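First the structure, in the form of C-alpha cells, and then the observations on it.
What follows is calculated from the coordinates using simple rules that are stated; it is not laboratory data. The shown structure was predicted, so the numbers you read here are calculated from the model rather than taken from an experiment. As a convention, Cβ positions derive from the backbone with ideal geometry for all residues, glycine included, and neighbour counts pool all protein chains shown.
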Amino acid sequence: MSRTRTALLAALALVAGASGTALAVAPGGAGIAAVPCTVDYKVQNQWDTGFTAAVTITNNTTAKSSWSLKWSYAGNQKVTNFWNSKISQSGAAVTAANESYNGTLPTGGSVSFGFQGSYSGTNAVPATFTLDGVTCNVDGGGPTDPGPTDPGPTDPGTPGTRVDNPYAGAKVYVNPEWSANAAAEPGGSRISNQPTGVWLDRVAAINGAGGKMGLRAHLDEALKQKGSGELAVQLVIYDLPGRDCAALASNGEFGPTDIDKYKTQYIDPIAAILADSKYASLRIVTTVELDSLPNLVTNVSPRNTATPNCDTMKSNGNYIKGVGYALNKLGDVPNVYNYVDAGHHGWLGWDDNFSATVQTIKQAATAEGATVNDVHGFITNTANYSALKEPNFTINDSVNGKSVRESKWVDWNRYVDELSYAQAFRQEAVNQGFPSGVGMLIDTSRNGWGGSARPTGPGAKTDVDTYVDGGRLDRRLNTGNWCNQSGAGLGERPKASPAAGIDAYVWIKPPGESDGASSAVPNDEGKGFDRMCDPTYTGNPRNNNHMSGALPNAPLSGHWFSAQFQELMKNAYPAL
C-alpha cells in the first residue's frame, strides 16, 4: 500500500505580534526519518520596508559536497544582501547556494546562512523549500509511492519519468576517453574526473569509429558509474544536413538535401538505442544541433553576414525539419531530456536576433510531429567563450553620458554576459509558448578568463570604451571570435542548479578538443578549413573584421589539442 505524503509544518508561520518574527519548522518525533531535509526559516527582524532572516538546513540523506536551496515568495520580497551563501533571485524564485567554505553537508548535518530583504504589504514565510531538487519538510515517499504523474521541480521522480532538472541529485557521466586524454597531460589529473559531453557528430560515432567507444559502449559505462544513485549522460546530437552553414571547420557528412539520410541513418539508430529498456534508469541529456537554427536568423539574406549555404538551408527547410524530427523521436523516449541550442549573448543578444531566434526554435519544435513539450530546455555558449558574469560593468552603466551599449565591445547588445542572456532567453521562450518549467544550461568549459590578464576591477571612466575594455573579463578581440581562442581558461566547474532558471553549468565542449584546424588538413570526416581558425586571418562582418584571435597549430575539430588544454588550465577561473 502506498504511503501518503505527510505534509509537515513548513508552511506554518508564527508571527509574534509587533516583533515581526516568523518561523517555519519541521516537527521532530516519529516518522521524521522519511523527511529528506528540513529547513528552519526565521524572520529575525522586520520593519516597514525590510527584514532580516536566518535559514538553517538539515540534511537527512546522503552527504553532500555542495548544496542549493530554492524557494519562492508569495509576495514581493526581494533579497538585497546575504552572507554565508550565494543568493540569486529571478522574480519570486530564490536560490541560495553554498560558499566555497560551507559546501560540505554530512548526513544529519546542518548549515546556516542569513540575508536581508525588502518588501511591502505582507512578508509571508515561503510554503515550500527544495534542497538540490528534493522537497524538504515533507515525507519524500518511497518505492511504492506513485508520486505525481508529471514530476515538478521538487519531485525527484522515478526511473522512466522525467524530473524537472535532470542534473539535480545526480552524478554526471565522465567520458573515460576524454578523461584519459586529460589525465595524460601534465597537471590534467586535476580535472580529468569532470563530466563532459559525448559528441555524436557523424553516423560512424554511433557504433564507434577509429577505435573509439560507440553510443552503447558509453551508456554501458554510464550504468557502471551510476551505481545505485542517479546519473545523467550528456550527448551532443550534431549531424544535420548542410551542417554549420556559416562556418567550415565543422561541416558535416550530409549534404543540404540529405534530410532522409539524416532521419534514417542518424536519428533513428540513436533513438532506438536510447529507447532500450536497459538504459531506462539513466537520465539522458541531449544537446540538439548546435549553431543550426540561429544561423537561419543571423546569417541569411539580406544581412551582410549572409552565406549562400545558410540561404540554401533556410529555403529548403531542412534545418527546421531535421531539428523537429530529432526532438520528436528523441522526445518519445521517457528518460531523454532535449535541450536546444540557443547560441550565446555575443551572437543573439541584439534586438533583431533575440526574439526571432526563439520564434525559429519554436517553428522547429512544432515541425515533423514535435511539440514544445519535447523541449526540456535550452543551452547557451556551447563550445564558446562568452564570460559567465561580467562583474565590473552592467548594461545599465554610462560614462560621460554614453551608455555601455554604445561601447565598441558591447556594440548595442542588450547583454554583457552569458548568465543574464540565458535567464532572459528562458523568459522569452516561456513568453512565446514554451512550457514554464523549461530550464537553461550554460557551457562553462572555456569561459573562465583567469590568469594574469584578468581585470580586478572596472576600467577608468575616461570614456565608455576605456571603461568597458579595462574591466571586461572576456579578453577576446570580438565576441564573434569562436575558434581556439588565445588566453581562454576553464570556467566554472559543472554543477547543478547554480542560479535561478539555470538547470546546470556544464562542460559540453570537452576542454582540449580543437574547434578547428589552423590550416587546411585533408580528412575523411567532412571537416573543412575555416579562416576563423587561422591566427593570421583579419576577419569578416561576423566579427566586425577583427583578427581571429585563434591559437596556432590547431588540429581538426574534435581532435586533441594539447597546447590549448594547457592554456585552459593555466588561465582557469576559479583557478585549479
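Of LYS226/LYS278; LYS64/LYS226; LYS212/LYS278; LYS64/LYS171; LYS329/LYS495; LYS212/LYS261, which pairs sit farther than 20 Å apart, going by alpha carbon to alpha carbon?
LYS212/LYS278; LYS329/LYS495; LYS212/LYS261
For VAL138, which sequence-distant residues (separation of 5 or more, or a different chain) have an amide H within less than 5 Å of its own amide H, given hydrogens modelled in the peptide plane?
CYS37
Just to be sure I understand the rule: take each whole DSSP H helix in the chain, project its Cα atoms onto its long axis, keep it if the span is 15 Å or more and its mean Kyte-Doolittle hydropathy is at least -0.5. Which ones pass?
Numbers: long enough: 215-226 (16 Å, -0.92); 318-331 (19 Å, -0.04); 351-365 (22 Å, -0.45); 418-431 (19 Å, -0.56).
Helices meeting the criterion: 318-331, 351-365.
Can you give me the distance in nm between label points at THR56 and VAL521, each placed 7 Å from the Cα along the Cα-to-Cβ direction?
5.8
Using each residue's phi in segment 369-379, evaluate 6.51 cos²θ - 1.76 cosθ + 1.60 at θ = phi - 60° and report the 3J(HN,Hα) Karplus result to the nearest Hz, with x for Gly and Pro.
Whole-Hz 3J(HN,Hα) from phi for segment 369-379: x, 7, 10, 4, 6, 7, 9, 7, x, 9, 10.
Once you have a ≥ b ≥ c as the square roots of the Cα gyration tensor eigenvalues for segment 507-576, tell me rounded if a/c is under 1.5, and otherwise prolate or oblate according to whether a/b is larger than b/c.
Oblate is the answer for segment 507-576, as a/c is 1.5 or above yet b/c matches or exceeds a/b.
For segment 88-120 and segment 189-223, what is the separation of their Cα centres, given in Å?
Cα centres, segment 88-120 to segment 189-223: 36 Å.
Between ASN553 and ASN81, what FRET efficiency follows from the Cβ-Cβ distance if R0 is 41 Å, with the result rounded to 0.05?
Numbers: r = 49 Å, r/R0 = 1.19.
That pair, ASN553 with ASN81, gives E of 0.25.
Work out how much length ALA280 to SER189 would gain on full extension: take 0.36 nm times their residue separation and subtract the Cα-Cα distance, in nm to one decimal.
Details: separation 91, 0.36 × 91 = 32.76 nm, distance 3.14 nm.
Full-extension gain reported as 29.6 nm.
Taking a cut-off of 15 Å between Cα atoms, list the aspartates and glutamates near LYS461, but don't count ones fewer than 8 places away on the same chain.
Result set, ordered by chain and number: ASP397, GLU406, ASP469.
Placing unit charges on C-beta atoms (Lys and Arg positive, Asp and Glu negative, everything else neutral), compute the dipole magnitude of the chain about its Cα centre in debye, rounded to 20.
For this selection, approximately 820 debye.
Tell me whether segment 316-446 comes out rounded, prolate or oblate; compute the Cα gyration tensor, take square roots of the eigenvalues as a ≥ b ≥ c, and use a/c under 1.5 as the rounded threshold. Walk me through the numbers on the way to the answer.
Details: a/c = 2.51, a/b = 2.11, b/c = 1.19.
Prolate, because a/c is 1.5 or more and a/b exceeds b/c.
Shape call for segment 92-135 from the C-alpha gyration tensor, a ≥ b ≥ c root eigenvalues: rounded (a/c under 1.5), prolate (a/b greater than b/c) or oblate?
Prolate.
Long-range amide H contacts for GLU185: which residues qualify at under 5 Å (H placed 1.01 Å from N, peptide plane, sequence gap of 5 or more or a different chain)?
Answer set, sorted by chain and number: none.
Expressed in nm to one decimal, what extension gain is obtained for the pair ALA453 and ASN431 from 0.36 nm per residue of sequence separation less their Cα-Cα distance?
4.0 nm
Quick one: length gained pulling LYS408 to GLN363 fully straight, 0.36 nm per residue minus the C-alpha distance?
Here the segment from LYS408 to GLN363 would lengthen by 12.9 nm.
Can you compute the label reach from LYS224? Point 7 Å from Cα along the Cβ direction, backbone N cut-off under 19 Å, restricted to segment 255-279.
Only 278-279 fall inside the zone, counting backbone N under 19 Å.
Remind me, relative contact order of the chain in percent, using alpha carbon pairs under 8 angstrom and six or more residues apart?
11
Please work out the FRET efficiency for the pair TYR101 and SER315, using the Cβ-Cβ distance as r and a Förster radius of 56 Å; give the result to the nearest 0.05.
0.50
Rounded to whole Hz and in sequence order, give me ³J(HN,Hα) for segment 97-105 from the Karplus expression 6.51 cos²θ - 1.76 cosθ + 1.60, θ = phi - 60°, writing x for Gly and Pro.
Using θ = phi - 60°, the values come out as 10, 5, 7, 4, 9, 9, x, 6, 9 Hz.
Restricting to DSSP H runs of at least four residues, report the calculated mean residue ellipticity at 222 nm for the chain, -39500 (n - 2.57) per run over all residues, nearest 500 deg cm²/dmol.
-5500 deg cm²/dmol, from helical runs alone.
Please compute the volume of the convex hull spanned by the alpha-carbon atoms of segment 223-375 and report it per residue in Å³.
123
If you take the charge dipole of the chain about its Cα centre, with +1 on Lys and Arg Cβ and -1 on Asp and Glu Cβ, which of ALA496, ILE270, ALA306 is farthest toward its positive end?
ALA496
Given a Förster radius of 51 Å and the C-beta distance between ASP469 and SER120 as r, what FRET efficiency does 1/(1 + (r/R0)^6) yield to the nearest 0.05? List each step's numbers first, then the result.
Details: r = 40 Å, r/R0 = 0.79.
Efficiency, from the Cβ-Cβ distance: 0.80.
Excluding same-chain residues fewer than 8 positions from LYS402, which aspartates and glutamates have a Cα within less than 13 Å of its Cα?
Reachable aspartates and glutamates: ASP411, ASP463, ASP465.
Of all beta bridges DSSP finds with both residues in the chain, what is the antiparallel percent, to the nearest 5?
Taking every DSSP beta bridge with both residues in the chain, the antiparallel ones total about 65 percent.
Taking amide H positions as placed 1.01 Å from N in the peptide plane, with prolines and chain starts having none, which residues 5 or more places from TRP67, or on another chain, fall under 5 Å of its amide H?
Those lying under 5 Å, H to H, from TRP67 are ASN98.
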